[in-house]
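Chemist: Structure below; questions to follow.
The values are calculated or read from the model by the stated rules, or taken from the named source; none is laboratory data. It should be emphasised that the depicted structure is a prediction, and the values quoted were computed from it without experimental measurement. Virtual Cβ from ideal backbone geometry, glycine too; neighbours counted across all protein chains shown.
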């Protein structure tokens, strides 16, 4: 028997997961699919929802089918960190005569080199890769098949869908936007159990304090941040809070005399005030988040991964429509660090072309990352 294994946090299960399951039957030829919910993720993956609720939502779907089941192997093993090579080895013991196909996205394959013991994984399973959006890793799959002496093959593609953006939409109570993205029974479970509502107070307060335009920009910035947080191994929570609050001081009078700020531009002051308001009015104590807010407009040398992410989210969120924005978005998708440097350089070139003042921190950041690229 051929068995497909689809692991993940399933936070929450969404329609793209279901399409992957259907394609696994049609394109890979599996006879059944095992859903393997994450218990203790080994990396900086953020799981917003209790394990029991995630499993309950999976069962709402799996119990209605005759070819999908839920296996709680990760919880049963009680591992400190649920590394794939350990979990899959146990699954192979459980299904010794079956062919196991581990379903992963192209984004995961791109990081396969950094996984613990990838060669051990391929002793237990074959890997069936799902290309995400326009990301084609067919050649990389062939390279890793040779390198790790196993079978890695791209079988089909899938549309982009982000559990992080779904969670943010739930936080914002944008239920209309979720039509077609979640099964009705799962949305009902989420609402009845009040899941994904940890930041409701922050959202409500922010909505009241900003103009509609700035609030909507902040939401789009948060969506970009949480959707791309995986690129820098950053958590959903940090990306969400920093993205939402990055402009929390926009439209307010400066908190201090202008001469007390390390800038001569009134357009930059809000980033410094924003970090202060995030701390004092929104209760943010994480210095990495505060630092990302503090320099999201100008950038600075030697930024944290979260700082770079929020800088990019502010400049590249879906509402931005300047001529080169799509090219810059694509550059980030190809290589985060190069995309960041290109976006920073684009901002400097824009200011130079219009003979506008370049903040001293922006210029220092530009020099710093140009040197890093060299």
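Chemist: What are the residues in the range 145-164 that are in a helix (DSSP H, G or I) and either outside the structural domain of residue 19 (by TED's automatic domain parsing) or under 24 Å from the mean Cα position of the chain (by Cα) (or both), if any? Before the answer, list the steps.
Modeler: Taking the range 145-164 as the starting set, the residues that turn out to be in a helix (DSSP H, G or I) are 145-147, 163-164.
Matches in the range 145-164: 163, 164.
Chemist: Only one of these is touching a residue at least 24 places away in the same chain (Cβ under 8 Å) and in a helix (DSSP H, G or I): 327, 299, 313. Name it. Write out each step before concluding.
Modeler: Numbers: 327 fails: touching a residue at least 24 places away in the same chain (Cβ under 8 Å); 299 fails: in a helix (DSSP H, G or I).
One residue alone meets the criteria, 313.
Chemist: Same structure, new question: So residue 177 fits all but one of (1) surrounded by fewer than 16 Cβ atoms within 10 Å (Cβ to Cβ); (2) in the same structural domain as residue 25 (by TED's automatic domain parsing); what number is the exception?
Modeler: Condition (2) is where residue 177 drops out.
Chemist: Moving on. Determine whether the range 347-366 contains at least one residue that is within 24 Å of residue 215 (Cα to Cα) and at pLDDT 90 or above. First the steps, then the outcome.
Modeler: If we filter the range 347-366 for residues that are within 24 Å of residue 215 (Cα to Cα), which is where we start, we get 347.
With the extra rule that they be at pLDDT 90 or above, the set shrinks to 347.
Checked against the condition, which is being within 24 Å of residue 215 (Cα to Cα) and at pLDDT 90 or above, the range 347-366 yields at least one hit.
Chemist: Conditions: (1) under 20 Å from residue 208 (Cβ atoms); (2) in a loop (DSSP other than H, G, I, E, B). Residue 274 meets all but one. Number of the miss?
Modeler: (2)
Chemist: Considering each residue of the range 104-123, count those that are touching a residue at least 24 places away in the same chain (Cβ under 8 Å) and within 19 Å of the chain's Cα centre (by Cα), and give that number.
Modeler: 8
Chemist: Here is a follow-up. Within the range 193-211, is even one residue over 22 Å from the mean Cα position of the chain (by Cα), surrounded by fewer than 22 Cβ atoms within 10 Å (Cβ to Cβ), outside the structural domain of residue 55 (by TED's automatic domain parsing) and over 26 Å from residue 281 (Cβ atoms)?
Modeler: yes
Chemist: Working only within the range 252-268, note down all residues that are under 21 Å from residue 316 (Cα atoms) and modelled with pLDDT of 95 or more.
Modeler: To start, the set of residues in the range 252-268 that are under 21 Å from residue 316 (Cα atoms) comprises 267-268.
If the condition is that a residue be under 21 Å from residue 316 (Cα atoms) and modelled with pLDDT of 95 or more, then 268 is the only one that fits.
Chemist: Additional query: Could you please find all residues in the range 82-96 being within 25 Å of residue 26 (Cα to Cα) and free of Cβ contacts under 8 Å to residues at least 60 places away in the same chain?
Modeler: 92, 94, 96
Chemist: Another question, then. Among the residues of the range 140-159, how many are free of Cβ contacts under 8 Å to residues at least 40 places away in the same chain and closer than 30 Å to residue 225 by Cβ? Talk me through it step by step, then tell me what you get.
Modeler: Our first condition is that a residue be free of Cβ contacts under 8 Å to residues at least 40 places away in the same chain; within the range 140-159, this holds for 140-151, 153, 157.
Subset that is closer than 30 Å to residue 225 by Cβ: 140-141, 144, 157.
Matching residues across the range 140-159 total 4.
Chemist: Within the group 356, 344, 361, 328, which residue is over 26 Å from the mean Cα position of the chain (by Cα) and within 17 Å of residue 312 (Cα to Cα)? It would help to see each step written out before you state the result.
Modeler: On the way: 356 fails: within 17 Å of residue 312 (Cα to Cα); 344 fails: over 26 Å from the mean Cα position of the chain (by Cα); 328 fails: over 26 Å from the mean Cα position of the chain (by Cα).
So the residue among 356, 344, 361, 328 that is over 26 Å from the mean Cα position of the chain (by Cα) and within 17 Å of residue 312 (Cα to Cα) is 361.
Chemist: Mind telling me which of the residues 253, 242 ends up being in the same structural domain as residue 351 (by TED's automatic domain parsing) and free of Cβ contacts under 8 Å to residues at least 12 places away in the same chain? Break it down into steps so the answer makes sense when it comes.
Modeler: Numbers: 242 fails: free of Cβ contacts under 8 Å to residues at least 12 places away in the same chain.
Going through 253, 242 in turn, the sole match is 253.
Chemist: Is there a residue in the range 43-58 that is in a strand (DSSP E or B) and in contact (Cβ under 8 Å) with a residue 40 or more places away in the chain?
Modeler: Going residue by residue through the range 43-58, those that are in a strand (DSSP E or B) are none.
Within the range 43-58, none of the residues are in a strand (DSSP E or B) and in contact (Cβ under 8 Å) with a residue 40 or more places away in the chain.
Chemist: When you check residue 15 against the structure, is it outside the structural domain of residue 226 (by TED's automatic domain parsing), in contact (Cβ under 8 Å) with a residue 12 or more places away in the chain and either in contact with a helix residue (DSSP H, G or I) (Cβ under 6 Å, 6 or more places away or on another chain) or under 22 Å from residue 147 (Cβ atoms) (or both), yes or no? Working first, answer last.
Modeler: Working: outside the structural domain of residue 226 (by TED's automatic domain parsing): yes; in contact (Cβ under 8 Å) with a residue 12 or more places away in the chain: yes; either in contact with a helix residue (DSSP H, G or I) (Cβ under 6 Å, 6 or more places away or on another chain) or under 22 Å from residue 147 (Cβ atoms) (or both): no.
Spelling it out, it is not the case that residue 15 is outside the structural domain of residue 226 (by TED's automatic domain parsing), in contact (Cβ under 8 Å) with a residue 12 or more places away in the chain and either in contact with a helix residue (DSSP H, G or I) (Cβ under 6 Å, 6 or more places away or on another chain) or under 22 Å from residue 147 (Cβ atoms) (or both).
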